[in-house]
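The values are calculated or read from the model by the stated rules, or taken from the named source; none is laboratory data. What you see is a predicted model; the values in this text were computed from it and never measured. Glycine also receives a Cβ, built like all others from the backbone with ideal geometry; neighbour counts cover every protein chain displayed.
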Amino acid sequence: MNPTWIEKKAYASNARLREARKNQVYPYFREFEQGGIHTSVGGHAIVNFSSNDYLNLTTDPRVKAAAQKAVQKYGCGLGSSRVQATTVEHVELEERFARWMGFEACLLFTTGYQAMLGTLMSLADKDTTLVLDNLSHACILDGTFLAAGVPKNGPEVRFFNHNSAKSLERILKTREREKAMVTVEGIYSLDGDLANLPEFVGICDRYEAALLVDDAHGSGTIGKMGHGVLEHFGLEGRAPIVISTLSKTFGGIGGLLFASREVVDCVKHSARSFMFSASLPVPVVAAASTVLDIMETDGERLVSELRQKAEYMRHGLVSAGFDLGDSSTHIMPVMCREERKTLFMHHALYECGVNLVPITYPAVKLGEERLRLNVTLGHTQEDLDHAITLLKEYGEAFFVLSGEDIGPLDTSLDA
Ligand SMILES: Cc1ncc(COP(=O)(O)O)c(C=O)c1O
């Protein structure tokens, strides 16, 4: 059979994949053989430095035991969406999370991505301007563009320069619609820098804009008790909406919307990604509930330990001469600034049992290629030291530390 246009399109768009596989530098979709920061791929032991399991609670025995118990009671699925498949465990977790975060109400989605899509689509309409940081996560972009695509009721969409108060103010001042919603990330997932909330809250007040904070990477990792970026800056109560996830610190998968009771009720009855997608499995709810128990009793210590480990790593890398961009958190991009250097670094480290996922164009701009390095509580002192030593060795070998050009590829073996 002749290839259809679908086959031709797929073949054309897979050109970069073919090239990477041919050069044996394709680095994605590695198949882990067990959970946790210390795992293996094809029998090869690796320490994962690109995990978002920040407090190492995903494989905590208490969390796994709670999930096992819930499997016995409910099984792994509920066979429908929350509208007709809500359990007492869902509602209890929502109430506990709302109290923990200091909000009136909380709504549990099946993923954080869906929480963002559903919230933006429910709240934005033709009288709204959605204002986004230009480094926004895909879920913020997708939720915005879905909302904008609603016939005759789409909001205006405007972007401001990353973390710039001046740029945000200019956008709010010149917006075309009466209402405005500004969406930012608490910690930027690829850069590890914090949202400029101390300036943004005042600007949002002045221009009567609602502030939505996506704290996927800040919940459970920053703020004295782990409540996230608002607690970190002492700005609790200054953002009417926070969205977060259970897929990083909270041991499983799931999305969280925090807002007033009225707003949560509105989103609950209008968000398509909530109403038309399956309910979060109860074993996952039970796992998150156990992580919340742990945060309530021990959160302050865990957050402080994470900060200490991150500072140790940062000091080691900065002393070695690495450029970590604007990171000030446990998320530290190791800037390589060239695709080949990034891929070579990844492979050399991987062969030595250290996994740092390469982030290249189009996920980041050309010249901003990097390795994703997240410090977690699962990393031992030896893991941190080993990674620093190897990064230094290969950073020199592949000219990442000197910034020199890596030179042309030796293709003699291709012939
Ligand atoms: C900033 C940010 N928001 C939202 C999400 C989506 O979360 P989830 O994995 O729960 O869909 C992510 C996940 O990568 C993220 O990094």
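Just to be sure, is I37 within 30 Å of H227 (Cβ to Cβ), touching a Phe, Trp or Tyr at 6+ places or on another chain (Cβ under 9 Å) and modelled with pLDDT of 95 or more? Considered against the rule, which asks whether it is within 30 Å of H227 (Cβ to Cβ), touching a Phe, Trp or Tyr at 6+ places or on another chain (Cβ under 9 Å) and modelled with pLDDT of 95 or more, I37 comes out as yes. Taken together, the criteria exclude A286 from residues that are out of contact with any strand residue (DSSP E or B) (no Cβ under 6 Å at 6 or more places or on another chain), aliphatic (A, V, I, L, M) and under 30 Å from L401 (Cα atoms). For the stretch 51-63, enumerate the residues that are of a type outside the set (V, I, T) and surrounded by fewer than 17 Cβ atoms within 10 Å (Cβ to Cβ). The answer is P61, R62.
For S164, are the conditions met, namely being under 30 Å from V357 (Cβ atoms), within 16 Å of the ligand (Cβ to nearest atom) and among the hydroxyl-bearing types (S, T, Y)? So S164 does not fit the description; no. Filtering the stretch 77-97 to residues that are in contact with a Phe, Trp or Tyr (Cβ under 9 Å, 6 or more places away or on another chain) and either farther than 17 Å from A287 by Cα or outside the structural domain of S219 (by TED's automatic domain parsing) (or both) leaves S81, R82, V83.
Identify all residues within the stretch 167-204 that are touching a residue at least 40 places away in the same chain (Cβ under 8 Å) and among the polar types (S, T, N, Q); write none if there are none. Within the stretch 167-204, T183, S189 qualify. Residue count for the stretch 306-323 satisfying the condition of being touching a helix residue (DSSP H, G or I) at 6+ places or on another chain (Cβ under 6 Å) and either exposed (fewer than 13 other Cβ atoms within 10 Å of the Cβ) or more than 18 Å from G378 (Cβ to Cβ) (or both): 1. Per the listing V303, V291, V285, the residue uniquely aliphatic (A, V, I, L, M), more than 19 Å from G228 (Cβ to Cβ) and crowded, with 18+ Cβ neighbours inside 10 Å is V285. Those strands (runs of 3 or more DSSP E) of the stretch 115-186 in which 1 or more residues are more than 28 Å from G254 (Cα to Cα) occupy 156-160, 179-185. Of all the numbered requirements in (1) free of Cβ contacts under 8 Å to residues at least 12 places away in the same chain; (2) more than 22 Å from the chain's Cα centre (by Cα), Y207 misses one, and that requirement is (1). Being closer than 19 Å to N374 by Cβ and not in a loop (DSSP other than H, G, I, E, B) is a condition met by at least one residue of the stretch 13-36.
In the stretch 360-406, of all residues being farther than 30 Å from P61 by Cβ and of a type in the set (S, T, N, Q), the one that is modelled with the lowest pLDDT corresponds to S402.
Of all the residues in the stretch 83-114, those that are in a loop (DSSP other than H, G, I, E, B) and more than 16 Å from the ligand (Cβ to nearest atom) number 8. Against the condition out of contact with any helix residue (DSSP H, G or I) (no Cβ under 6 Å at 6 or more places or on another chain) and in a loop (DSSP other than H, G, I, E, B), how does L78 come out, does it pass? When the stated conditions are applied, L78 passes them. For the stretch 26-48, the condition of being within 16 Å of the ligand (Cβ to nearest atom), buried (at least 16 other Cβ atoms within 10 Å of the Cβ) and in contact (Cβ under 8 Å) with a residue 40 or more places away in the chain holds for at least one residue. Given the criteria within 30 Å of A147 (Cβ to Cβ), of a type in the set (D, E) and in contact (Cβ under 8 Å) with a residue 12 or more places away in the chain, does E368 qualify? The answer is yes for E368.
For K73, the criteria (1) surrounded by fewer than 16 Cβ atoms within 10 Å (Cβ to Cβ); (2) more than 19 Å from F250 (Cβ to Cβ); (3) without any contact (Cβ under 8 Å) to a residue 24 or more places away in the chain hold in every case but one, which is (3).
Put simply, of V354, V267 the only residue that is of a type in the set (A, V, I, L, M, F, W, C), under 24 Å from T111 (Cα atoms) and at pLDDT 95 or above is V267.
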